[in-house]
Structures are given as structure tokens and as C-alpha cells.
Amino acid sequence: MELFAFYNVENLFLPDPPPNHRLDPTKSGLRNWDERKYRDKLHKISHVFQLMKEETGILPCMIGLSEISGRKVLEDLVEMSPFNSQYGIVHYNSMDERKVDVALLYDKSKIEIIDSEAITFFFEIVDKNPENYDTTRDVLFSKVKYKDDIINVFVAHLPSKREKDINQPKRNYILSEIRNRILQIVNVEKENVILCGDFNENPDDENLVNILFDNTHEKVLQNPFQELYSQKNYSAFHYKSGLLFDQILLSQSFFENDRALSFYDARIFKPEKLRSRNKMFNDRPFRTYAGTRYLGGYSDHFPVYVVLKK
């Protein structure tokens, strides 16, 4: 079997330089983000995948990541155990205002990268001045080869729900554009697709239901996280609400038995070590920060993965 994983790692930034004044804003936006905290964060993220390997017997052949800032943090991460420099990196710096990106890590012994690009989105600001535009995180596209199969991988981290969901039109537009690309790949090029990410929407939200179908209402993608969500399995929380924003969608081809890889199972990875130390919230992720308060945890999201049969 093989695993494909996605993980929102919650603000993986390089350490901030010492401020000239204690009230100066930091590059990361985090409070007292120093070398010690950074190294501890790297250790924890790598430890997540060591735990995953212990539970399943293997490491994922590909890992989509979000909330990472720059290539250097990825280079530091893949040097660590259990990756041991055996994983490659696909990453582009996005124009996001917070300088957070998405990335793909891949097992170099199993995966060959054929092509990749950052799909960038610009949104016009109300005053219509062409010099004023709003940007968000890129969607990362990679065309990869596994054995004799071509897999087209999209990694997304869509604009967040905030301020009465002012960003919903942006999410609508981005998913519409990605859907058009997927329809071309599936219906014309007849190739496999994996779409993963933090969508800032649950599996039953309209956007994530619509993207499963083509213009004739034929199903082109399957979302195995719909069932997990219906069973009240969550990867993140907002106040009292459980969320399953982290999802992996697969083309119909993964549900056929004559492929190099076929779908077997979808899981949210939440062993005890990744859970909150507060007994009242033990079903929730053990996060790095709660607001400005440093907790020293892993992330405010649990990783998710799919099991693929060979």
C-alpha cells in the first residue's frame, strides 16, 4: 500500500531576528518566535510522520503541506528523521500577505516530478486601481509519475473564513478555476487527479459538492472525507464547532481495480500525542499557539491521509 497525506502545520516560519524594541512587529507575526521554538516545531512535525510510520508501517509517498513560509523550513524538515534527506520538495514562494505557502514533499525513490507550477490568483480591490490588488496563497500543481501512472496533484490552502466570511467569493472563484483544470485532465487527458488541502470549507459545503461533478452531472471526483464528516470526525475546531476543512479528493480512476494505485481508506490521524493536554479538550489538536500564548504543541490541525492499494 501507499499513503498520500496532507497537513496544515500551523505557521512554520524561520526564527525571527531579535527585535530592536520589544514592541516591534515580528516578521512571522508570532510572539517570541526564536530558534529554540523553531527547532522544537520542526522536531514535532517530523515526529508526526514517525508516528504515522509506526502506526501504518510506511511513510507517505507524497505529503501536501500548508502554512509553511519559504523553502528553507522545508529543507530543514526533510533533513530530519524519518525523512533523512530521502524526500524531495516542490515549492514556490506565493504573494500571500502573510508569506505562507503550500508545498509538496515526495519520496524520491517512488515519485518522479514531471512538471509543476504555482497557480496564482489576483483579486481586484474595490477602488479599481490596477496597482491595487489583493493576493492569496497559490495553489500548487505537480504532475508526477508513480510507476507507469501519471498523477496530477493540486495542493490548496483557500482563503479563511473571517469577518462574516468576506473571503467566500475568492474561494468560489479559486475552486471554479481548479475545477476547470481538473475536468480537462480527467475528461480529455484521461489522467489521475488528487486534490488536497485546507479548503476552509467542510465536505458538505456547496463548493466542495459541486467540484465532484462535471457539467453533465457525471461524477469526476470522489471525496472520502464526506463520510468521516458525517460521522462527526474532525481535523480542527473553532470554538465549539468541529471542522473538517482538511480533505483529500481523488479522481474516479482511483476507485477502479486495474490501476497502479486504488483507494482503500481515508483517515484523520490523531494519536494521543497530537491531542490537547487539556483534558476538557482532549479530542482537539495540541496547537503551537493559542492566540499569542505559546503552548508548544504540534499544530491546530490534525493531518489527514488516504491509503492506496497497490
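The values are calculated or read from the model by the stated rules, or taken from the named source; none is laboratory data. Note that the coordinates shown come from a computational prediction; the quantities given were computed from them, not determined experimentally. FYI the Cβ positions are ideal-geometry reconstructions off the backbone, even for glycines, and counts take in every protein chain you see. With ligands, DNA and RNA removed, areas are computed over all heavy atoms of the protein, side chains included. Shrake-Rupley method; radii C 1.70, N 1.55, O 1.52, S 1.80 Å.
Across the range 163-310, Cα-Cα distances exceeding 26 Å account for 33% of all pairs. For the residues SER276, SER251, SER109, a GNM of the chain with alpha-carbon springs under 10 Å puts the largest fluctuation on SER109.
For the chain, modelled as a GNM whose springs connect Cα atoms under 10 angstrom apart, the maximal fluctuation among ALA118, ALA260, ALA103 occurs at ALA260. Its Cα gyration tensor gives the range 261-310 an equivalent ellipsoid, and the semi-axes of that ellipsoid, as √(5λ) in whole Å with the largest first, are 29, 11, 7.
For the range 229-242, backbone phi angles converted through the Karplus equation (6.51, -1.76, 1.60; θ = phi - 60°) give residue-by-residue couplings of 5, 5, 8, 6, 9, 10, 10, 7, 9, 10, 6, 8, 8, x Hz, Gly and Pro being listed as x.
Directionally averaged projected area (the range 1-85, Cα convex hull): 5.8 nm². Note on TYR239 and LEU14: their simple-model spin labels are 3.8 nm apart, each label 7 Å out from Cα toward Cβ.
Using every pair of separate Cα atoms, the Kirkwood estimate puts the hydrodynamic radius of the chain at 20.0 angstrom. In summary, the lysines within cross-link reach of LYS309, defined as a Cα separation below 27 angstrom excluding same-chain residues under 8 places away, comprise LYS53, LYS108, LYS110, LYS143, LYS145, LYS147, LYS190, LYS219, LYS232, LYS270. Remark on ARG275: its backbone amide H falls under 5 Å from those of PHE286, a criterion applied only to residues 5 or more positions apart or on other chains, H modelled at 1.01 Å from N.
Percent of Cα pairs in the range 79-230 per distance bin of 5 Å, from zero to the largest separation: 2, 8, 16, 19, 19, 17, 11, 6, 2, 1, 0.
Counting only protein heavy atoms and using a 1.4 Å probe, what share of the accessible area of the range 151-229 belongs to carbon plus sulfur, as a whole percent? If you can, show how the numbers build up before the last one.
On the way: 1580 of 3520 Å².
Of the solvent-accessible surface of the range 151-229, carbon and sulfur hold 45 percent.
Between ASN282, ASN93, ASN215, the residue with the greatest mean-square fluctuation in the GNM of the chain (Cα pairs under 10 Å linked by springs) is ASN215.
In a fully extended conformation the segment linking GLU54 and MET95 would gain 11.1 nm over its present Cα-Cα distance, using 0.36 nm per residue. Applied to the range 166-180, the Karplus parametrisation 6.51 cos²θ - 1.76 cosθ + 1.60 on θ = phi - 60° returns per-residue 3J(HN,Hα) values of 5, 8, 4, x, 5, 4, 4, 5, 4, 5, 5, 5, 5, 4, 4 Hz, with x for Gly and Pro. Per residue, the average separation of C-alpha pairs within less than 8 Å and at least 6 apart gives the chain a relative contact order of 18 percent.
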